[in-house]
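Reviewing the structure listed below.
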Amino acid sequence: MAEVAARKTLSRLQLSHGNPAADAAKVVPALSATLDQHAAAVRDILDFGIENSTTVPVTVLLAGYARGLVEHAGHEAVRAPHDAAGWAEAGWLPMRLAAVCLLAPAPRAKTQR
């Protein structure tokens with residue numbers, strides 16, 4: 001159940017932050033470097049800052065990290081910028097949430113039966 005909830009959280013985050021940031025990075029190349037730096041920091045936190053992190057699915061770790069950021073900052077603080085110019089000036093939190101999306105595994109395709 002934790003993985004299902006984590007995938008839902010990451011899917012919503014991808015729509016609100018990941019996809020818009022990736023689109024903005026196509027227009028503002030420096031944004032790619034900033035996102036990569038945030039992604040590296042998140043990866044280090046999950047790899048070295050959480051005991052036994054290798055025993056927990058990465059989706060659960062990423063979703064938990066993102067939820068913690070949102071809970072700490074409040075939902076109003078996590079609004080994503082609306083355009084490339086906004087992403088170029090985005091603060092730490094929207095960038096960090098977008099970077100979480102870079103690390104999230106791609107959703108599995110649904111198979112038809």
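Counting neighbouring beta carbons within 10 Å and listing from fewest to most, the residues V27, V56, V100 come out as V27, V56, V100.
Sites listed here are GluC sites (Glu not before Pro) in the stretch 1-83 whose DSSP assignment is loop and whose Cβ has at most 11 other Cβ atoms within 10 Å: E51. Mean residue ellipticity at 222 nm from the helices of the chain, using -39,500 (n - 2.57) per DSSP H segment of n ≥ 4 over the full residue count, to the nearest 500 deg cm²/dmol? Roughly -20500 deg cm²/dmol at 222 nm, from the helical runs in the chain. Please identify, among A85, A63, A41, the residue showing maximal mean-square fluctuation in a Gaussian network model of the chain using a 10 angstrom Cα cutoff. The residue with the greatest mean-square fluctuation here is A85.
As a length-normalised measure over Cα pairs under 8 Å and 6 or more apart, the relative contact order of the stretch 9-103 settles at 53 percent.
Each reported figure results from applying straightforward, stated rules to the coordinates on display, with no laboratory input. The model shown is predicted, which means the values in this text are computed figures rather than measured ones. Virtual Cβ from ideal backbone geometry, glycine too; neighbours counted across all protein chains shown.
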